[in-house]
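**Q** This is the structure I want to talk about, given as structure tokens.
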Amino acid sequence: LKAAIVETAPFEGQKPGTSGLRKKVKVFMEKNYTENFVQSIFNTLEEKAKGATFIVGGDGRYFSTQAIKIIIRIAAANEVSKLIIGHLGNISTPAVSALIRSLKTAGGIILTASHNPGGIRNDFGIKFNIESGAPAPDSFTDKIYEHTKQIQQYKIVPNLDCDVSALGLQKFEVDGRSFEVEVIDSTENYVNLMKEIFDFTKLKGLIRGTENRKPFNIMIDSMNAVTGVYVRKIFIDELEASPDTNVCRIIPLDNFGEIHPDPNLTYAKDLVDKLKTNQTYDFGAAFDGDGDRNMILGKEAFFVTPSDSLAVIADNLDCIPYFKKNGVKGFARSMPTSAAVDRVAKALNKEIFEVPTGWKYFCNLMDAGRLSLCGEESFGTGSDHIREKDGIWAVLAWLSIIEHKKKSVEEIMNEHWTKYGRNYFTRYDYEDCDGEKAKAMMDELEKKIDAGELIGKCFGGAGKSYKVKFADNFSYVDPIDQSKATKQGLRILFEDGSRLIFRLSGTGSSGATIRVYIESFEQKNTKSDAQAQLKPLVLIALNISKLKEYTGRDAPTVIT
Ligand code: VG1
Ligand code: CO
């Protein structure tokens, strides 16, 4: 086989966002669009790509097979020596990170738009992870973007055909060099990793029941996405959960069955309804398209916010063998995530870090041995076992805590709040707003903040008054390599510790999504309804930002 050079021209807007490049499928389908981006990844890698091995896989959404074909042909032409590809292209994001680490490859290409809907009318995405298994840092994705703006040609082996439905090694000769593609079942490596981290015997006892304990009835919902294959192996084959009553939607579909594979109360409503109507369920969990997000529910769909989930796991790491063995270093959360975990860090005398939104910002801290556990309010939780958030890991962590404490999800949460107080938290998303108007809203608010207009001001509502203590546009200096990330979200902090945060999403594929994060702390009043409790702050947020004036929206698209 011979490599060829194809002339091309740059496309606008191939700038990776919070987590890779995400666009409509039809955009990726445009002639040379995917080729340009993939070549730009190899142009960024330069000599590092030559002779190297990469993992390729994703959530199996529509266009994955075509994209894999393009990646194989371009990789071969760029002198890559081997690609390790998931069977049918399927590898969850956490499993890619795990494979990069255990097989010590030079990195991986992940084909996913994560929680965004899939199928021909919806989204596709490409993301590059570096050799530590972490999402490429900003310095790397900035270079990819620069290459996409200048690209004039790409290298490709046009006649290279490869069957990703057949497991095993396929060998080729390209311009006299050897090029290999190995199609693997990615579940093996991942299941082994989970077995090293958790006590599967105990977890099986929890699910099956033991002599003096009745079975703990779980419902695991893969939302027709990639975790299905791992759920089958871990929950059914290993932990002996029932394939009929303990799992659902575990066959990955390329359009996720036309649902929005995002594990929250809105998009995982099926699971919520199941737990509400069938009260024999003690626990429910759902994952997103690529398996890095998780939602935890207790009996009757008792909802655990991701921020609280992080805090509870942090407070209970001693019942997980991995942490017993390796010890617990610091904790971290993304800036908009509630400060519940900060209280645990303080009590346990651990370092706590506040980083910008996006998993990549946690990874240097992990590499440096400063961070064991971290999370985001956006249903992401994970540890330093890999360099991505990990949905299945989070569920196994919760089940380990439940097994150890012999308590229900709700009891564990209440106990936690009694000990630490409660950080009430909610996020309002306004999806698909007019881009210009969303930007104008953010600009006006930023001007007010910059002018210092808000400091000392009191805002009231529903018999409460909140005085602004501090406001800024969040910026972050990485403590390990001193790289700086600026303009990561507008923050308004009040004297009582309450916070309002405004951000524009960096994962959408059309229009703008405004995210408003609302948090307040209560030491004693811990059992109120979160929405009712936060209402006054929500009104203040809408008022300060003039959100309705700018967007015309009366209500958010999604509340989490
Ligand atoms: C969102 C979340 C962020 C998360 C990112 C990727 O980003 O807010 O916390 O890291 O998605 O998650 P944004 O820029 O839209 O707010 V995933 O599961 O889509 O990889
Ligand atoms: Co995801």
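What follows is calculated from the coordinates using simple rules that are stated; it is not laboratory data. Given the structure is predicted, the values throughout are model-derived calculations rather than measurements. All Cβ positions, even for glycine, are placed from backbone atoms using ideal geometry, and neighbour counts span all protein chains on display.
**Q** Sort 541-550, 53-62 by the packing proxy (mean of other Cβ within 10 Å over each peptide's residues), most packed first.
**A** Working: 541-550: 17.3, 53-62: 26.7.
So the peptides 541-550, 53-62, ranked by packing, come out 53-62, 541-550.
**Q** Could you please report the charge total around K171, scoring K, R as +1 and D, E as -1 over all other residues with beta-carbon less than 15 angstrom from its beta-carbon? Mind showing how you got there, number by number?
**A** Numbers: positive: K82, R177; negative: D161, D163, E173, D175, E180, E182.
Net local charge, K171 excluded: -4.
**Q** Between K324 and L169, what is the label-point separation in nm under the 7 Å Cα-to-beta-carbon projection?
**A** 3.9 nm
**Q** Below 8 Å, C-alpha to C-alpha, sequence gap of six or more: please give me the relative contact order for segment 403-494 in percent. Don't skip to the answer; put the middle values down first.
**A** Details: 71 pairs, mean separation 15.9, N = 92.
Rounded, it is 17 percent for segment 403-494.
**Q** Please tell me the relative contact order of the chain in percent, rounded to the nearest whole number, where contacts are Cα pairs under 8 Å and at least six residues apart.
**A** 13 percent
**Q** Report the local net charge at F200: Lys and Arg +1, Asp and Glu -1, summed over other residues whose C-beta lies under 14 Å from its C-beta.
**A** Computed value for this residue: -1.
**Q** Moving to a separate point now. Where does each of 385-392, 85-92 land if you order them by average Cβ count within 10 Å, highest first? Could the numbers behind the result be given before it?
**A** On the way: 385-392: 27.9, 85-92: 26.4.
Answer by packing, highest mean first, reads 385-392, 85-92.
**Q** When the dipole is taken about the Cα centre of the chain, and only Lys, Arg (+1) and Asp, Glu (-1) are charged at their Cβ, what size is it in debye, to the nearest 20? Provide the component values of the computation, followed by the final result.
**A** Values: 73 positive and 75 negative charges, 175 e Å.
In total the dipole reaches around 840 debye.
**Q** Sticking with this one: Of C433, F470, G508, which is farthest on the positive side of the dipole of segment 422-559, counting Cα position, with +1 on Lys and Arg Cβ, -1 on Asp and Glu Cβ, and the Cα centre as origin?
**A** The residue sitting farthest along the positive end of the dipole is F470.
**Q** Taking the mean number of other Cβ atoms within 10 Å as a proxy for protection, how do you rank 220-226, 522-528, 321-327 from highest to lowest? It would help to have the intermediate numbers written out before the result.
**A** On the way: 220-226: 28.7, 522-528: 12.4, 321-327: 14.7.
Result, highest mean first: 220-226, 321-327, 522-528.
**Q** Please compute the net charge surrounding Y424, taking Lys and Arg as +1 and Asp and Glu as -1 over other residues with Cβ under 14 Å from its Cβ.
**A** Details: positive: R343, R422, R427, K464, R499, K524, K527, K535; negative: D308, E377, D496, E519, E522, D529.
With Lys, Arg at +1 and Asp, Glu at -1, the net is +2.
**Q** Throw me the Rg/Rh for segment 184-236, computed over C-alpha atoms with Kirkwood Rh, two decimals.
**A** Ratio of gyration radius to Kirkwood radius for segment 184-236: 1.02.
**Q** Now for a different question. Treat every Asp and Glu Cβ in segment 4-185 as -1 and every Lys and Arg Cβ as +1, leave all other atoms uncharged, and give the resulting dipole magnitude about the Cα centre to the nearest 20 debye. Could you put the intermediate results ahead of the total?
**A** Working: 21 positive and 20 negative charges, 78 e Å.
That gives a dipole near 380 debye.
**Q** Over 22 Å between C-alpha atoms is what I'm after, so list which of K299/K406; K233/K325; K350/K527; K104/K127 land there.
**A** K233/K325; K350/K527
**Q** Could you please state, rounded to a whole Å, how far the C-alpha centre of segment 21-39 is from the C-alpha centre of segment 313-377?
**A** So the separation of the two Cα centres works out to 36 Å.
**Q** Tell me which of Y62, L253, L490 sits at the most positive position along the dipole axis of the chain, charges placed on C-beta atoms (Lys, Arg +1; Asp, Glu -1).
**A** Value computed over the given set: L490.
**Q** Mind checking the dipole of segment 1-44: about its Cα centre, +1 per Lys or Arg Cβ, -1 per Asp or Glu Cβ, Debye to the nearest 20? Don't jump to the answer; show the numbers that get you there.
**A** On the way: 7 positive and 4 negative charges, 44 e Å.
So the magnitude is around 220 debye.
**Q** Let me ask something additional. What translational diffusion coefficient, in µm²/s and rounded to a whole number, does the Stokes-Einstein relation yield for the chain at 20 °C and a viscosity of 1.002 mPa s, taking the hydrodynamic radius as the Kirkwood radius over Cα pairs? Could the numbers behind the result be given before it?
**A** On the way: Rh = 24.2 Å.
Result for D is 89 µm²/s.
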